[in-house]
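K.L.:
Handing you a structure now.
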Amino acid sequence: MSQRPVTADEDSSSLPASAGPDLVPPPGDPVPPGDPVPPGDPVPPGGAPADHATAAGLHVMGRADADRAFGEAKFGEPGRPLRRNPFLTGFLGGLGLALAYALFVGLSNASSVLVLVFIALFLAVGLHPAVVRLQRWRVPRALAVALVVLFVIGLIVGGITALVPPIVTQVGGFVEQLPSYVEALQRSRTLRDLIQDYDLVEKVQALVSTENASRVFGGVFGGARLFFGTVFNVLTVLILTIYFLASFERMKRAGYLLVPASRRARVQLIGDEILAKVGAYLVGALAIALLCGLSTFVFALAVGLAYPFALAIVVAICDLIPQIGATLGAVVVSLVGLATSLPVGIACIVFFLLYQQIENYLIYPKVMRRSVEVSDVAAIVAALLGVSLFGIIGALVAIPAVAAVQIIIREVLIPRQASR
């Protein structure tokens, strides 16, 4: 009796074991050469997925080859990949949100420290061109950094030296004249009538109580804490600036190493140009502040104000603060002028109103256009937006940010659009 041939539609597993090894391969035997590897079959842990690759003359990298190339795994065999189920996806998403919130809270708590670090880094970038200029004059880098730092410290000490004596003199004169002021008030008939009409004595006694005294002492301690905190912040920024300035080249090289090698040269050229713009901006800001201080000194001498040099330093330092600094300096000088005489005070107010208009719309845009190569309109709009968005820090970095955006647009975006 002849055996019926097996068709392709029939399952080979239904054949009896006596059908012969040519029809049903025993379990565990390799797949015959030429047949494809069934999808989903596991790959042997130590070898190639199938023997037909070796028979075809191809060497398939296995675990043994990886151990020889990179060394044997020290922490055991890696496990199978986790299955992507909805529960695991949701858990990982929630974990990501929790980490993002923790990062936000951490940055918010450290915002004051980060602001100090940012200011120190910004000053280091601005002072670095001076170090580079000294290095071109064959001055060693360590000595160049020391000279720049000593120059900055000298400016700070000079400003304090110019400001402290007038303040001490004025406070001492007020303390000496205080008894005469009190005596004059006591002899004043108008004051006595006001005291009797409005019961000022009882009101003063009510104010001088334990609760109000504690508030006064709290305010005094708060003022002292603010003063020492400001001194600490200034010293912190100064020390960080010195460290950043000394290690500026190493930091810059480390940042460029994070860029892919194929684009590193171009990114380095663009980055150096942006850093140069930041330095040029600080030089321009110092020039504007120096011009403002010099103008104030000449005006104070002309109208006969006391301590003209100290007032010029106050105005120059305040003018370094974008947008609001010139106004603060003008208020200080105008108050001194009003204390001198009414015509002198009015002259101070008129002078600073005119000078601020000239500085804001003529001197500042022209200096920034020459140093940072930013248009007049862009400089004014950037400063206004920076102040409204991020306050003083935003005004400080607004114009360098605009210069950086212009460089990126000119060197990256426009060529990319032109090549399409």
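The values are calculated or read from the model by the stated rules, or taken from the named source; none is laboratory data. Note that the coordinates shown come from a computational prediction; the quantities given were computed from them, not determined experimentally. As a convention, Cβ positions derive from the backbone with ideal geometry for all residues, glycine included, and neighbour counts pool all protein chains shown. Ligands, DNA and RNA are stripped out before the accessible areas are found, and what is left, the full protein with its side chains, is counted by its heavy atoms. Shrake-Rupley method; radii C 1.70, N 1.55, O 1.52, S 1.80 Å.
K.L.:
Look through 367, 381, 387 and report the one residue that is exposed (fewer than 15 other Cβ atoms within 10 Å of the Cβ), among the β-branched types (Val, Ile, Thr) and either more than 17 Å from residue 277 (Cα to Cα) or over 21 Å from the mean Cα position of the chain (by Cα) (or both).
P.N.:
It is 381.
K.L.:
Report, ordered by the first and then the second residue, all pairs with beta carbons closer than 8 Å, sequence separation of six or more or different chains, a first member in the stretch 257-268 that is part of a helix (DSSP H, G or I) and at pLDDT below 90, and a second member that is of a type in the set (A, V, I, L, M, F, W, C) and surrounded by fewer than 10 Cβ atoms within 10 Å (Cβ to Cβ).
P.N.:
Once the first residue is part of a helix (DSSP H, G or I) and at pLDDT below 90 and sits in the stretch 257-268, its partners that are of a type in the set (A, V, I, L, M, F, W, C) and surrounded by fewer than 10 Cβ atoms within 10 Å (Cβ to Cβ) give 264/257.
K.L.:
Go through the stretch 291-311 residue by residue and tally those that are assigned to a helix (DSSP H, G or I) and open to solvent by less than 60 Å² (accessible area, probe 1.4 Å).
P.N.:
Number satisfying all stated conditions: 10.
K.L.:
If the requirement is being of a type in the set (Val, Ile, Thr), under 23 Å from residue 274 (Cα atoms) and open to solvent by 50 Å² or more (accessible area, probe 1.4 Å), which of these qualifies: 414, 358, 399, 346?
P.N.:
So the residue among 414, 358, 399, 346 that is of a type in the set (Val, Ile, Thr), under 23 Å from residue 274 (Cα atoms) and open to solvent by 50 Å² or more (accessible area, probe 1.4 Å) is 414.
K.L.:
Search the stretch 131-156 for residues that are more than 25 Å from residue 317 (Cα to Cα) and of a type in the set (A, V, I, L, M) and pair each with any residue that is modelled with pLDDT of 90 or more and open to solvent by 40 Å² or more (accessible area, probe 1.4 Å) when their beta-carbon atoms are under 8 Å apart and the residues are at least 6 apart or on different chains.
P.N.:
Partner pairs satisfying both residue conditions: 134/143; 134/147; 139/147.
K.L.:
So, of the residues in the stretch 253-268 that are closer than 17 Å to residue 128 by Cβ and surrounded by 12 or more Cβ atoms within 10 Å (Cβ to Cβ), which turns out to be farthest from the chain's Cα centre (by Cα)?
P.N.:
268
K.L.:
Might you check whether a residue that is without any contact (Cβ under 8 Å) to a residue 24 or more places away in the chain, of a type in the set (A, V, I, L, M), within 22 Å of residue 393 (Cα to Cα) and open to solvent by less than 70 Å² (accessible area, probe 1.4 Å) occurs anywhere in the stretch 312-319?
P.N.:
yes
K.L.:
Separate question: Give just the number: which of (1) within 20 Å of residue 277 (Cα to Cα); (2) at pLDDT 85 or above; (3) surrounded by fewer than 12 Cβ atoms within 10 Å (Cβ to Cβ) does residue 407 not satisfy?
P.N.:
With (1) within 20 Å of residue 277 (Cα to Cα); (2) at pLDDT 85 or above; (3) surrounded by fewer than 12 Cβ atoms within 10 Å (Cβ to Cβ) applied to residue 407, the lone miss is (3).
K.L.:
Only one of (1) over 22 Å from residue 398 (Cβ atoms); (2) among the hydrophobic types (A, V, I, L, M, F, W, C); (3) at pLDDT 85 or above is not met by residue 306, so which one is it?
P.N.:
That leaves (3) as the condition not met.
K.L.:
Being open to solvent by 70 Å² or more (accessible area, probe 1.4 Å), more than 30 Å from residue 306 (Cα to Cα) and touching a Leu at 6+ places or on another chain (Cβ under 8 Å), is that true of even one residue in the stretch 145-167?
P.N.:
yes
K.L.:
Moving on. Exactly one of (1) within 21 Å of residue 151 (Cβ to Cβ); (2) over 28 Å from the mean Cα position of the chain (by Cα) is unmet by residue 349. Its number?
P.N.:
Residue 349 satisfies all of (1) within 21 Å of residue 151 (Cβ to Cβ); (2) over 28 Å from the mean Cα position of the chain (by Cα) except (1).
K.L.:
Return yes or no: is residue 221 modelled with pLDDT under 85 and open to solvent by 50 Å² or more (accessible area, probe 1.4 Å)?
P.N.:
Answer is yes for this residue.
K.L.:
Filter the stretch 83-139 down to the residues that are small (Gly, Ala, Ser), open to solvent by 40 Å² or more (accessible area, probe 1.4 Å) and closer than 21 Å to residue 321 by Cα and list them by number.
P.N.:
Of everything in the stretch 83-139, those that are small (Gly, Ala, Ser), open to solvent by 40 Å² or more (accessible area, probe 1.4 Å) and closer than 21 Å to residue 321 by Cα turn out to be 111, 112.
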